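For reference, the structure discussed in these notes is given below.
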Amino acid sequence: MRIISQNGMIDVPYEMTAFHMAGGTIRMNMVGDTGKGTIIAQYSTQEKALKSLEQMRDVLYHTPERVFRFPQEGEI
């Protein structure tokens with residue numbers, strides 16, 4: 001599956017990526033990366049960030065195209 005950042009500037013393979021959330025910010029790290037990670041999406045609340053991660057999992061398991069772009073703030 002491909003993961004595309006909220007702003008469309010990052011496109012990475014899901015299988016080589018780890019995601020972590022702090023508040024409304026979602027960061028991703030590539031396998032082997034030891035830094036703080038790259039912001040891939042940012043929301044005004046933790047609940048919206050969590051909802052976007054749930055949407056990502058839904059795409060992973062339930063859609064054939066297997067491409068997910070993190071939604072904009074107003075789309076959550």
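The values are calculated or read from the model by the stated rules, or taken from the named source; none is laboratory data. Since we're looking at a predicted model, the values are computed, not measured. FYI the Cβ positions are ideal-geometry reconstructions off the backbone, even for glycines, and counts take in every protein chain you see. Remember, those area values only see protein heavy atoms, side chains included, never the ligands or the DNA or RNA. Shrake-Rupley method; radii C 1.70, N 1.55, O 1.52, S 1.80 Å.
Touching a Gly at 6+ places or on another chain (Cβ under 9 Å) and in a helix (DSSP H, G or I): does that describe E15? Criteria not met by E15. Would you pick out the residues in the stretch 11-26 that are within 20 Å of K51 (Cβ to Cβ) and under 11 Å from the mean Cα position of the chain (by Cα)? Across the stretch 11-26, the qualifying residues are Y14, T17, A18, F19, H20, M21, T25, I26.
Looking only at residues in the stretch 25-76 that are at pLDDT 95 or above, open to solvent by 60 Å² or more (accessible area, probe 1.4 Å) and part of a loop (DSSP other than H, G, I, E, B), the one that is farthest from N7 (Cα to Cα) is S44.
Taking the criterion of being open to solvent by 20 Å² or more (accessible area, probe 1.4 Å) and in contact with a Lys or Arg (Cβ under 9 Å, 6 or more places away or on another chain), the residues of the stretch 2-17 that qualify are R2, I4, Q6, G8, D11, P13, Y14.
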